[in-house]
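Please treat every number below as a calculation from the coordinates, not as lab data. Nothing here was measured: the structure is a model prediction, and the numbers come from that model. Note that we place each Cβ from the backbone using ideal geometry, even for glycine, and neighbour counts take in every protein chain shown.
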Amino acid sequence: DAGVTQSPTHLIKTRGQQVTLRCSPKSGHDTVSWYQQALGQGPQFIFQYYEEEERQRGNFPDRFSGHQFPNYSSELNVNALLLGDSALYLCASSLLAGGKETQYFGPGTRLLVL
Amino acid sequence: RKEVEQDPGPFNVPEGATVAFNCTYSNSASQSFFWYRQDCRKEPKLLMSVYSSGNEDGRFTAQLNRASQYISLLIRDSKLSDSATYLCVVNEAGNNRKLIWGLGTSLAVNP
């Protein structure tokens with residue numbers, strides 16, 4: 001049973017460029033949440049997708065957008081990259097069942113913006 | 001006050017020691033609580049969900065104090081492999097599906 005997978009593992013971009021990160025959830029999970037984690041910080045919630053729609057959003061600008069596909073996989077897009085977007089981007093998948101939900105993380109994509 | 005606060009440490013302890021971390025949260029309506037462990041340059045991994053009665057998993061014990069709005073994690077007989085950052089996670093009040101993360105507490109277990 002594959003866990004959460006993310007691609008690519010590492011990425012280097014320059015300011016102003018656009019980037020797309022991908023996530024496949026754990027088998028049986030239907031919800032994908034994206035987080036940004038800067039060095040020395042805890043994960044910061046970007047948004048959450050369920051039933052192919054954005055259901056929750058954190059305090060991130062519109063440059064951050066996403067998508068969820070019918071197979072529950074998801075993409076995170078970041079436009080007009082800034083130096084401050086350099087971080088580890090984590091995808092977590094989950095399934096809400098019986099009022100309980102636990103998030104499981106993929107290995108992350110490490111983005112460096114030069 | 002931050003929504004979720006943790007002592008960043010680092011905590012340096014010898015092998016075999018008992019160490020406890022506390023985490024405070026700001027909103028009394030929060031319902032879901034977790035401890036995650038994160039190794040350097042790796043993703044967070046679930047260590048324990050925290051239940052209202054407290055729960056134990058081997059050397060790890062988690063407790064919730066709703067009145068004082070804190071959760072704790074106790075590690076007994078610490079091992080070198082316990083060295084990691086421990087992240088406290090609480091759901092946003094009124095929103096069980098959105099999680100708020102602490103900055104993490106760094107633990108180094110020394111031989």
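Can you tell me how many residues in region A:62-76 are crowded, with 20+ Cβ neighbours inside 10 Å and more than 15 Å from A:Thr31 (Cβ to Cβ)? Give the derivation first.
First pass over region A:62-76, keeping only residues crowded, with 20+ Cβ neighbours inside 10 Å: A:66, A:68, A:72, A:74, A:76.
Filter once more, keeping what is more than 15 Å from A:Thr31 (Cβ to Cβ): none.
Here the count works out to 0.
I need a count of the residues in region B:2-41 that are at positive phi and in contact (Cβ under 8 Å) with a residue 12 or more places away in the chain. Working first, answer last.
Start the filter on region B:2-41 by keeping residues that are at positive phi, which leaves B:9, B:16, B:41.
If we keep only those that are in contact (Cβ under 8 Å) with a residue 12 or more places away in the chain too, we end up with B:9, B:16.
Of the residues in that region, 2 qualify.
Quick check on my filter: what residues within region B:99-111 are in a strand (DSSP E or B) and touching a Pro at 6+ places or on another chain (Cβ under 9 Å)?
From region B:99-111, those in a strand (DSSP E or B) are B:99-101, B:105-110; that's our starting set.
Once the filter is applied, which keeps residues that are in a strand (DSSP E or B) and touching a Pro at 6+ places or on another chain (Cβ under 9 Å), region B:99-111 yields B:Leu99, B:Trp101, B:Thr105, B:Ser106, B:Leu107, B:Ala108, B:Val109, B:Asn110.
Has region B:44-59 got any residue that is touching a Gly at 6+ places or on another chain (Cβ under 7 Å), surrounded by 15 or more Cβ atoms within 10 Å (Cβ to Cβ), within 14 Å of chain A (Cβ to nearest Cβ) and over 19 Å from B:Asn95 (Cβ atoms)? Walk me through it before giving the result.
Looking only at region B:44-59, we keep the residues that are touching a Gly at 6+ places or on another chain (Cβ under 7 Å), and these are none.
No, the conditions are met nowhere in region B:44-59.
Being of a type in the set (Phe, Trp, Tyr) and within 11 Å of another protein chain (Cβ to nearest Cβ) is the filter; apply it to region B:28-43 and report the residue that is surrounded by the fewest Cβ atoms within 10 Å (Cβ to Cβ). Don't jump to the end; show me each part of the working.
Initial filter on region B:28-43 (of a type in the set (Phe, Trp, Tyr)): B:33-36.
Now drop any that are not within 11 Å of another protein chain (Cβ to nearest Cβ), which leaves B:34, B:36.
Values: B:Phe34: 21, B:Tyr36: 24.
If we take residues in region B:28-43 being of a type in the set (Phe, Trp, Tyr) and within 11 Å of another protein chain (Cβ to nearest Cβ), then B:Phe34 is surrounded by the fewest Cβ atoms within 10 Å (Cβ to Cβ).
Considering only residues that are more than 10 Å from chain B (Cβ to nearest Cβ) and surrounded by 16 or more Cβ atoms within 10 Å (Cβ to Cβ), which ones fall in region A:31-53?
A:Val32, A:Trp34, A:Gln36, A:Ile46, A:Tyr49 - these are the residues of region A:31-53 that are more than 10 Å from chain B (Cβ to nearest Cβ) and surrounded by 16 or more Cβ atoms within 10 Å (Cβ to Cβ).
Quick one: would you say A:Ser94 is touching a His at 6+ places or on another chain (Cβ under 6 Å), among the small types (Gly, Ala, Ser), under 20 Å from B:Asn95 (Cβ atoms) and within 11 Å of chain B (Cβ to nearest Cβ)? Walk me through it before giving the result.
On the way: touching a His at 6+ places or on another chain (Cβ under 6 Å): yes; among the small types (Gly, Ala, Ser): yes; under 20 Å from B:Asn95 (Cβ atoms): yes; within 11 Å of chain B (Cβ to nearest Cβ): yes.
Spelling it out, A:Ser94 is indeed touching a His at 6+ places or on another chain (Cβ under 6 Å), among the small types (Gly, Ala, Ser), under 20 Å from B:Asn95 (Cβ atoms) and within 11 Å of chain B (Cβ to nearest Cβ).
Which condition breaks for B:Asn96 when tested against (1) part of a strand (DSSP E or B); (2) loosely packed, with under 15 Cβ neighbours inside 10 Å; (3) within 14 Å of chain A (Cβ to nearest Cβ)?
Checking B:Asn96 against (1) part of a strand (DSSP E or B); (2) loosely packed, with under 15 Cβ neighbours inside 10 Å; (3) within 14 Å of chain A (Cβ to nearest Cβ), the one that fails is (2).
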